[in-house]
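Take a look at the structure set out below.
The values are calculated or read from the model by the stated rules, or taken from the named source; none is laboratory data. These figures come from a predicted structure and were not determined experimentally. No Cβ is skipped: glycine too gets one built from the backbone with ideal geometry, and neighbour counts run over all protein chains shown.
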Amino acid sequence: MNDCPFCKKSGLNLLAETKSAIVFFSNPRLVKGHLLVIPKRHVEKLWELSKEETVDIMSLIKNYQQNISENIAAGCDLRQNYRPFLEQNNLKVDHLHFHLIPRGMNDAIYAKTDDEQEGLFHKIEKNEVEEMTNRLRGV
């Protein structure tokens, strides 16, 4: 936690703050208007949030996703990654955060990734549904 750049809050381009969360511009960013929403309290996992923090953060996400979609871009991706198998670096921070990324049909992200997505997706088979259902239910 001592090396968490989000907890230090130095150099963050703050946009909004509530009792339990902050919104700031991502740096580095993927596209103009890329925002991060984080809890003020240091947590790494979504399930570690309190009910109050969850409501506060989801309210911010809802409001800023609508704002981005109405004022900046045609759409807005919402992403949250949990990858404890990766070391923290300038692109991966061990503090729960949500990305709000303005999107348009031919933006820089689309040009590099979205047109390749078709090859990433696979049809789900019935045995996989059964296996994953059992694992997720702890059976």
Scope segment 26-51; condition in contact with a Lys or Arg (Cβ under 9 Å, 6 or more places away or on another chain) and more than 15 Å from residue 96 (Cα to Cα); matching residues: 31
Unique residue being of a type in the set (A, V, I, L, M), more than 17 Å from residue 94 (Cβ to Cβ) and without any contact (Cβ under 8 Å) to a residue 60 or more places away in the chain when the list is 15, 46: 15
The one condition in (1) surrounded by fewer than 16 Cβ atoms within 10 Å (Cβ to Cβ); (2) at pLDDT below 95; (3) touching a Phe, Trp or Tyr at 6+ places or on another chain (Cβ under 9 Å) that residue 111 fails to fulfil: (3)
Filtered residues of segment 62-113 (kept if more than 23 Å from residue 16 (Cβ to Cβ), in contact with a Lys or Arg (Cβ under 9 Å, 6 or more places away or on another chain) and not hydroxyl-bearing (Ser, Thr, Tyr)): 83, 84, 86, 92, 109
Some residue of segment 93-111 being in a helix (DSSP H, G or I), small (Gly, Ala, Ser) and closer than 30 Å to residue 2 by Cα: no
Close pairs (8 angstrom Cβ cut-off, 6 or more residues apart or separate chains): more than 21 Å from residue 74 (Cβ to Cβ) in segment 96-124, of a type in the set (Lys, Arg) anywhere: 96/45
Filter result (at pLDDT below 95 and surrounded by 16 or more Cβ atoms within 10 Å (Cβ to Cβ)) within segment 10-25: 12
Qualifying residue in segment 101-109 (condition: more than 19 Å from the chain's Cα centre (by Cα), under 21 Å from residue 37 (Cα atoms) and not β-branched (Val, Ile, Thr)): no
